[in-house]
Amino acid sequence: MLSQTALSERRACSMVGLKRATMQYQSKSTQETDLVQRQPLLLPDRPNHTWSIDFVMDSLANGRRIKYLTIVDDFSKECRDIPVAHGISVEQVARTLDSIVAFRGYPVAVITDQGPEFTGKELDQWALLI
């Protein structure tokens, strides 16, 4: 604002009765946030077409947290597997998917959120097999 007028942002806000916190922040970065271009969701037309995987967290009576990895076939709504552990690493996710693929075959697509558990190199290598 100082470059457009001789007033600072603080003084201009106080003159019109606004708080500076109400000013909308505008990022000066032009860097893209998505490393991979988003794909439209596929509507499954047969079993084993797309799987959705996500984590669910809960806590035990003693306060210790546990994680569930849910893997669901989107067409049949069949739960493929739910491994439970106190912590599930990317390697464990890939091993679990490998064990399902041994019986069911590879899906056309796997749908995930962009959590840290799904952004590792090991899971990227597994996804290249699809």
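Suppose we filter P40, P44 for residues that are in contact with an Asp or Glu (Cβ under 7 Å, 6 or more places away or on another chain) and either farther than 27 Å from V101 by Cα or modelled with pLDDT under 90 (or both); which single one remains? Step through it out loud before you land on a result.
Values: P40 fails: in contact with an Asp or Glu (Cβ under 7 Å, 6 or more places away or on another chain).
So the residue among P40, P44 that is in contact with an Asp or Glu (Cβ under 7 Å, 6 or more places away or on another chain) and either farther than 27 Å from V101 by Cα or modelled with pLDDT under 90 (or both) is P44.
Filtered by the rule that a residue be assigned to a strand (DSSP E or B) and β-branched (V, I, T), segment 102-117 gives V110, I111.
Give me the residue from segment 43-88 that is of a type in the set (G, A, S), assigned to a loop (DSSP other than H, G, I, E, B) and touching a residue at least 12 places away in the same chain (Cβ under 8 Å) and, out of that set, surrounded by the most Cβ atoms within 10 Å (Cβ to Cβ). Working first, answer last.
If we filter segment 43-88 for residues that are of a type in the set (G, A, S), which is where we start, we get 52, 59, 61, 63, 76, 85, 87.
Filter once more, so that each one left must be assigned to a loop (DSSP other than H, G, I, E, B): 61, 63, 76, 87.
Filter once more, so that each one left must be touching a residue at least 12 places away in the same chain (Cβ under 8 Å): 76, 87.
Numbers: S76: 13, G87: 9.
This residue is S76.
The values are calculated or read from the model by the stated rules, or taken from the named source; none is laboratory data. Because the structure is predicted, anything quoted here is derived from the model rather than measured. Using ideal geometry, Cβ is built from the backbone for each residue, glycine included, and neighbour counts are taken over all protein chains shown.
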